Amino acid sequence: MTIIRRLSFLDGSKLKKMIAFLGNDEAERFIKVIMNNSGAFIHQFLPLKYKFLPESFVLEEEKEIHGVITVTPAVGNSYKLAITRLMFEKNYFEVGKQLIDYTISKYGSKGADTFIVSIDDTHDELLKLFMDGCNFRQCGSEVLYRMPKKAHRINRNENIIFRPFKNSDAETVCNMYNNSVINHFRPSLLKHKNEFKDILFCGLSNNYELKYLMEDLKSKLSLAYFSIITFDNINYTVDIVVQEGYDIDYSLIFGFINREIRRRKKEFTIFVKVKKYIKDYARLEEYLAKKECTAIRNQLILVRDFYKLVKEKSKNTGLVVFNETNKTISTNFKIN
């Protein structure tokens, strides 16, 4: 008998058997991550609008686990869910499809309106599963760049200040972001102001995030917003939103970022996320190219929601692992 159920803290040994190919140490680390929230007993009973932790489900047959899926609510908007982990036996794509359809049905019935997944552009099997098998569509892409150490220089402008983000800035930043999204991506990628706020339970997150606003002293206008996220205090990922219509000096931003991180760590690596669904992403890419930054990952953003673009046509409809492990560089595993 095949069932799909919530992941239990008692499933550790079954998962370890499934991913034995990783080796003992790697398997233990993987299980520790995936089991981290499996014991959140009370969380499963919360209404969707109050959920804030990842939730995982398994497909089990004859007491053996053949697939796992994890969904994570967006910060400040639990009706937008990201599929952050999917694992199933190779050539058993029907298992993956069942898990995806199950979570969309389960959370959709509770009011969820958007499901998002980010997949490396080289993972053809998963792209086919999500797009052809589960009716997801592509909404742009994100490229991750690694900055060389020599690119870190301290630049200043007496007319520009940087200050920490406050929750009262959420609406300003939200408008800045929404205005910057390319028009035909907006229905699925617009954000609510609550998605930029620091939430009450942020201390339970696996990452540490610093957020700042760049302001012009003369006009008192916010020119840019950026966040610096780390999961290990060694690798730091920068995400920048720029006020539409303004020519930003990126050297000022990265000079400030370098100074702030150096106050905490002497040795570190900075990564920069370039969102190719933002209007002026080419300017940031041009700056990074001049700094001899290296593109190390290209992920496609796939979305399934209840919005329909006017010009879009609807589509009919070992081990493979898709895994966002809350690290700077995500990992995809596959048995040959």
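The values are calculated or read from the model by the stated rules, or taken from the named source; none is laboratory data. Just so it is clear, the model here is predicted, and its values are computed rather than measured. Because the Cβ atoms are built from the backbone with ideal geometry, glycine has one as well, and the counts that use them run over all protein chains shown.
From the list I119, I100, I104, exactly one residue is closer than 30 Å to K49 by Cβ, within 19 Å of the chain's Cα centre (by Cα) and part of a strand (DSSP E or B). Which is it?
I119
Looking at (1) in contact with an Asp or Glu (Cβ under 8 Å, 6 or more places away or on another chain); (2) surrounded by fewer than 17 Cβ atoms within 10 Å (Cβ to Cβ), which one does D120 not meet, given that it meets all the others?
Checking D120 against (1) in contact with an Asp or Glu (Cβ under 8 Å, 6 or more places away or on another chain); (2) surrounded by fewer than 17 Cβ atoms within 10 Å (Cβ to Cβ), the one that fails is (1).
Considering segment 226-249 alone, what residues qualify as being of a type in the set (S, T, Y) and at pLDDT below 95?
Of everything in segment 226-249, those that are of a type in the set (S, T, Y) and at pLDDT below 95 turn out to be T230, Y246.
Residues in segment 129-145: is at least one modelled with pLDDT of 90 or more, in contact with a Phe, Trp or Tyr (Cβ under 7 Å, 6 or more places away or on another chain), surrounded by 15 or more Cβ atoms within 10 Å (Cβ to Cβ) and among the β-branched types (V, I, T)?
There is no residue in segment 129-145 that is modelled with pLDDT of 90 or more, in contact with a Phe, Trp or Tyr (Cβ under 7 Å, 6 or more places away or on another chain), surrounded by 15 or more Cβ atoms within 10 Å (Cβ to Cβ) and among the β-branched types (V, I, T).
Could you tell me which numbered condition S188 fails, if it satisfies all but one of (1) assigned to a strand (DSSP E or B); (2) within 18 Å of the chain's Cα centre (by Cα); (3) not hydrophobic (A, V, I, L, M, F, W, C)?
Status for S188: all satisfied but (1).
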